[in-house]
Amino acid sequence: MPVLREDPSFMLIPVANESEGVSIAAGASLGGRPAAVYMEGSGVYVSSYNLLVLGKRLGVPMLLLVAYYGSILDVRNSFLYAFPGIHLIPILQSLDIQYEVFHNGDSLEDKIKGAVKMMHAIKQPVALLFTGEFTA
Amino acid sequence: MNRYDCFEFLAPLIKDQLVIGSLSGQRVEWGHLCRHEGNLLVASMGAALGMGIGLALVLPHRKVIVLESDGSLLLSLYNLPTLGNLSLTNLVIFVFDNEVYSGTRISEPSATAGKTDLAGVARSCGIEGATTVREIDSFKREAKKAVEENVLRFVVCKVDPTTGHRQIERPNEDLWEHKYRFVRYLERTEGKKIFLGRG
């Protein structure tokens with residue numbers, strides 16, 4: 001967050017919850033500003049209704065940057081994280097949201113560029129799930 | 001006060017403003033009275049205000065008017081602290097508060113029929129000047145200010161529960177067509193590409 005906050009090319013908006021983040025991102029996106037929502041995996045659960053009606057039904061491109069806690073590769077996995085983590089990908093699949101899992105930083109820039117290209121191509125949300133070394 | 005009467009007054013005032021609408025009868029009535037290309041009627045509860053905030057943030061030179069309802073706002077009260085902490089001067093929110101949940105055709109009282117004061121909630125979240133109007137003349141004054149002044153406005157409009165929208169023919173335009181029309185209008189009037197993917 002400090003990196004984003006100091007970069008004037010980004011507009012950083014703190015929100016009360018991830019559902020709100022998705023709706024604000026949807027407005028920004030349709031206003032001509034490519035938008036991303038940064039959240040923990042639990043935020044996908046919280047925002048699933050807006051992801052469905054704004055992301056999918058209305059068809060609004062946005063990037064979901066998701067801290068994928070509770071995956072098998074989560075180095076700090078725990079009872080608290082594991083259950084939301086186990087169901088995270090099935091939820092994305094049920095919403096038909098394209099996603100990519102990152103275990104480490106290999107080809108990170110290329111994959112992010114590819115995800116952005118995908119979200120613009122299909123005009124829908126695309127999720128990037130960060131786990132493995134990103135959870136250290 | 002009747003929501004349709006409010007819309008009949010507001011619709012001719014719309015020039016290049018963007019109007020973001022929620023669900024319920026207001027979507028049908030506003031879409032019937034105002035065919036403006038700057039309409040984005042998102043057809044879901046709890047999403048219009050957030051989308052309006054997003055649009056107002058990235059288009060600060062453009063007036064954004066959000067049409068909300070009591071049920072929709074109660075579903076998304078989390079927007080109010082965020083809005084209270086942003087310094088937006090190009091956003092106007094009208095909350096048409098009929099004090100019932102009527103989408104199911106069973107008019108069950110909403111919280112605003114009891115002790116909940118939405119303008120009071122907004123003020124306590126930092127949205128100064130949030131107010132409630134109950135008469136059409138008061139609404140007309142607020143509507144004129146909404147169009148003419150560059151200041152954040154939050155106006156709760158107490159209206160009668162009505163079912164007149166059920167007599168209005170529904171549009172056959174689906175949400176994708178509606179979205180493209182809105183975005184192409186914005187691209188034309190803002191002079192920039194919004195959808196960036198190659199077709």
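The values are calculated or read from the model by the stated rules, or taken from the named source; none is laboratory data. All figures in this text were calculated on a predicted structure; none of them were measured in a lab. Cβ placement follows ideal geometry from the backbone for every residue including glycine, while neighbour counts extend to all protein chains displayed. To get the accessible areas, we keep the full protein, side chains included, count just its heavy atoms, and leave off ligands, DNA and RNA. Shrake-Rupley method; radii C 1.70, N 1.55, O 1.52, S 1.80 Å.
Take the Cβ-Cβ distance between residue B:184 and residue A:45 as r, set R0 to 30 Å, and report the resulting FRET efficiency rounded to the nearest 0.05. Provide the component values of the computation, followed by the final result.
Values: r = 34 Å, r/R0 = 1.14.
That gives a FRET efficiency of 0.30.
What does a probe at residue B:13 reach in the stretch B:39-77, counting residues whose amide N is under 12 Å from the point 7 Å along Cα→Cβ?
Once the point is set 7 Å along Cα→Cβ of residue B:13, B:65-66 turn out to lie under 12 Å by backbone N, inside the stretch B:39-77.
Rounded to the nearest 10 Å², what accessible area does residue B:182 have for a 1.4 Å probe in the complete protein model?
For residue B:182, solvent-accessible area is about 0 Å².
Over chain B, what percent of the accessible surface lies on carbon and sulfur atoms, probe 1.4 Å?
Numbers: 4330 of 8970 Å².
Roughly 48 percent, rounded to a whole number.
Helix-only estimate, please: 222 nm mean residue ellipticity of chain B, summing -39500 (n - 2.57) across DSSP H runs of length 4 or more and dividing by its residues, to the nearest 500.
Values: 8 runs with 76 residues, N = 199.
Helix-only estimate at 222 nm: -11000 deg cm²/dmol.
Over chain A, with a Gaussian network built from C-alpha contacts below 10 Å, which listed residue (A:91, A:13, A:24) shows the highest mean-square fluctuation?
Looking only at A:91, A:13, A:24, the biggest GNM fluctuation is shown by A:13.
Return the loop-located GluC sites (Glu not before Pro) in the stretch A:10-69 (DSSP other than H, G, I, E, B) with at most 10 other Cβ atoms within 10 Å of their own Cβ; answer none if there are none. Numbers along the way, then the final one.
On the way: sites: A:18, A:20, A:40; in loops: none.
Here no GluC sites (Glu not before Pro) fit, given the DSSP loop and packing criteria.
Which whole-angstrom value gives the distance between the alpha carbon centres of the stretch B:85-137 and the stretch A:70-136?
Spelled out, the Cα-based centre of one part sits 38 Å from the other.
What accessible surface, in Å², does a 1.4 Å probe find on residue B:34, ignoring ligands, DNA and RNA and rounding to the nearest 10?
10 Å²
Okay, which of the stretch B:1-34 sit inside 14 Å, backbone N to the point 7 Å along the Cα-Cβ direction of residue B:147?
Output list for this probe position: B:6-19, B:34.
Per-residue mean of other chain beta-carbon atoms within 10 angstrom of the beta-carbon, peptide B:30-42? Let's see the in-between values first.
Numbers: counts 0, 0, 0, 0, 0, 0, 0, 0, 0, 0, 5, 0, 10.
Going residue by residue through B:30-42 and averaging, the value is 1.
Which residues' amide hydrogens lie under 5 Å from the amide hydrogen of residue B:68, considering only partners 5 or more residues apart or on another chain, with H built in the peptide plane?
B:94, B:95, B:96
Taking R0 as 30 Å, what's the FRET efficiency between residue B:113 and residue A:16 from their Cβ-Cβ distance, rounded to 0.05?
Details: r = 25 Å, r/R0 = 0.84.
It comes to 0.75.
With an 8 Å cut-off on Cα pairs and a minimum separation of 6 or more residues, tell me the relative contact order of the stretch A:27-136 in percent. Can you show the working numbers first?
On the way: 177 pairs, mean separation 37.9, N = 110.
With pairs under 8 Å counted, the relative contact order is 34 percent.
Running Debye on the protein assembly as shown with equal point scatterers at the Cα sites and no solvent, what base-10 log of I(q)/I(0) appears at q = 0.06, 0.09 Å⁻¹?
With one equal scatterer per Cα and no solvent, log10 I(q)/I(0) is -0.22, -0.49.
Please check chain B for the longest run free of GluC sites (Glu not before Pro) that are loop-located per DSSP (anything but H, G, I, E, B) and have at most 16 other Cβ atoms within 10 Å.
On the way: sites that count: B:37, B:128, B:135, B:149, B:169, B:173.
Excluding the exposed sites themselves, the longest stretch runs over B:38-127.
Keeping all protein chains in place and using 1.4 angstrom, which order do B:32, B:61 fall into by accessible surface area, from largest down?
Output order, biggest surface exposure first: B:61, B:32.
As an exercise, find the ratio Rg/Rh for the stretch B:60-147 from alpha-carbon atoms, using the Kirkwood inverse-distance average for Rh.
Values: Rg = 13.6 Å, Rh = 14.0 Å.
Ratio of gyration radius to Kirkwood radius: 0.97.
Using the Karplus curve 6.51 cos²θ - 1.76 cosθ + 1.60 with θ = phi - 60°, what ³J(HN,Hα) values do you get for each residue of the stretch A:124-132, in whole Hz, with x for Gly and Pro?
Karplus values, whole Hz, x for Gly and Pro: 8, x, 10, 10, 10, 9, 9, 9, x.
For peptide B:53-62, compute the average count of partner chain beta-carbon atoms within 10 Å of each residue's beta-carbon. The partial results should precede the final answer.
Details: counts 7, 17, 9, 4, 8, 11, 6, 0, 0, 1.
The shielding value for this peptide is 6.
Note down the accessible area of residue B:1, probe 1.4 Å, to the nearest 10 Å².
40 Å²
In terms of modelled amide H atoms, which long-range or inter-chain residues lie less than 5 Å from the amide H of residue B:100?
B:110
Would you list B:35, A:76 from the most to the least accessible area, probe 1.4 Å?
Values: B:35 165, A:76 125 Å².
Accessible-area ranking of B:35, A:76, largest first: B:35, A:76.
Picking from B:89, B:162, B:132, which is most flexible by a Gaussian network model of chain B using Cα springs under 10 Å?
Top of the fluctuation ranking is B:162.
Once you place label points 7 Å from the Cα toward the Cβ at residue B:140 and residue A:5, how far apart are they in nm?
With each label placed 7 Å out from Cα toward Cβ, I get 4.9 nm.
Give the ranking of B:15, B:63 by solvent-accessible surface, highest area first, calculated with a 1.4 Å probe. Please report the intermediate quantities before stating the final value.
Values: B:15 135, B:63 20 Å².
From most exposed to least exposed: B:15, B:63.
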